[in-house]
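The values are calculated or read from the model by the stated rules, or taken from the named source; none is laboratory data. Computed from a predicted model, the values in this text were never measured in an experiment. Quick reminder, even Gly has a Cβ in these numbers, built from the backbone with ideal geometry, and neighbours come from all protein chains shown. The area values use the complete protein model at the heavy-atom level, side chains included, leaving out ligands, DNA and RNA. Shrake-Rupley method; radii C 1.70, N 1.55, O 1.52, S 1.80 Å.
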Amino acid sequence: MKNINQIKKRVYTAIISVFAMVTVVTISSCDPTIDWLSYDLPEANSKADATPPTASFSASVTADYLTWTFGNTSSSATDYAWDYGDGNTSTGVDGANTFSGEGTYTVTLTASDKLGVTSTFSLTVEVVEPPAPAAITPVIVNADFDKLPKSSGSDCACSGWINKSLGAQGESSSGNGGSDNVLKFDNDEQDLTYQEVEITPNTDYTITVVASFKGIETGTFPSQLEIRVLSGSGYESGYTPAYFATAAEYPQDDFGYTSVAQMEDADNNLLVRVVDNPGDDGYNTYSYSFNTGNNSSVALVMRGVNGDGTPSDDKGFLWNSGEEEIRVDSVVVDPVE
């Protein structure tokens, strides 16, 4: 009996050992931290990756010519490595990079899958600062001061040039080889021209005026021609300039400048030039340069000045032309090339 008991004990011990081994194997097979595939032996008839990755992408420049974006068009890939050719890299699906300066850069994308298969694709990009757009050449309506219909009243060389808040309108006259083709600033009067035009900010321009003075009189107040370029930043708050195709469309009041004080404020002037009477009645050309600063609109103003401040046809303004007539034949504003 003793031997039979010993045999039974040994059998029970063996059964328990086998059960314990099966339990350990079962528990271990559920452990996600163990890569069971790593213990597999290579198969003699294993197949290559059926869908290897293919790298590709497109390139686009943004409004900032230094910054480019790259759209990933790769297939069968899960991981991506970008090399922008300037020392910068990234690992996102799509790429983006701001280059430090102009130049030629080779951008490379390496696409890979979870089997470790990789594919590369490269594009060369030319980073070049685009040329600045051409500056606006202002469209000046009735720049030759022809006698034309205006928004109300009789035809006049002043058509398109009236601002009743700053001065009186000039008169049509003849000169420089034509008839009713110049604007006259009468002596001892408050004649003025005003027109708003569109320009390019931060650009140099030249204003050119062709004008004639009558011979100097014997008095003490010889006429002077004043030329101003007023900044759009000095317009009345909330005012938006409007530009018209014909002189007859222009209103005669309620522009961006509504008072003489506002017009004469030094902070509102991009250019002020005063032309003295040269002592003859020939037509002379006067050109002056100015920079537009941050303005996209300016107002062009001309008037006769240097009077005694008591004009004969007082309209409430405390300025007037001097003792000689001034005739303006044309005005042109061009960007400096």
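Applying a DSSP loop filter and a limit of 12 other Cβ atoms within 10 Å to the GluC sites (Glu not before Pro) in the range 183-219 leaves nothing.
Counting only protein heavy atoms and a 1.4 Å probe, the chain has 54 square angstrom of accessible area per residue. Size of the range 122-228: Rg and Dmax of its alpha carbons, in Å, are 20.5, 83. When the solvent-accessible area of the chain is split by element, carbon and sulfur atoms take up 53 percent of it, the probe being 1.4 Å. Here P(r) over Cα pairs in 20 Å bins from 0, in percent was calculated from the structure, and among (i) 31, 56, 13, 0; (ii) 26, 54, 19, 1; (iii) 22, 27, 16, 15, 9, 6, 3, 1 it sits at label (iii). Taking the chain as the region of interest, the number of lysine pairs whose Cα atoms are within less than 22 Å, with members eight or more places apart or on different chains, is 11.
Of the residues GLN252, TRP82, PRO201, the one whose Cα sits farthest towards the positive end of the charge dipole of the chain is TRP82 (charges of +1 on Lys and Arg Cβ, -1 on Asp and Glu Cβ, taken about the Cα centre). Axis of helix 2-29 versus longest Cα principal axis of the chain: the two differ by about 10°, to the nearest ten degrees.
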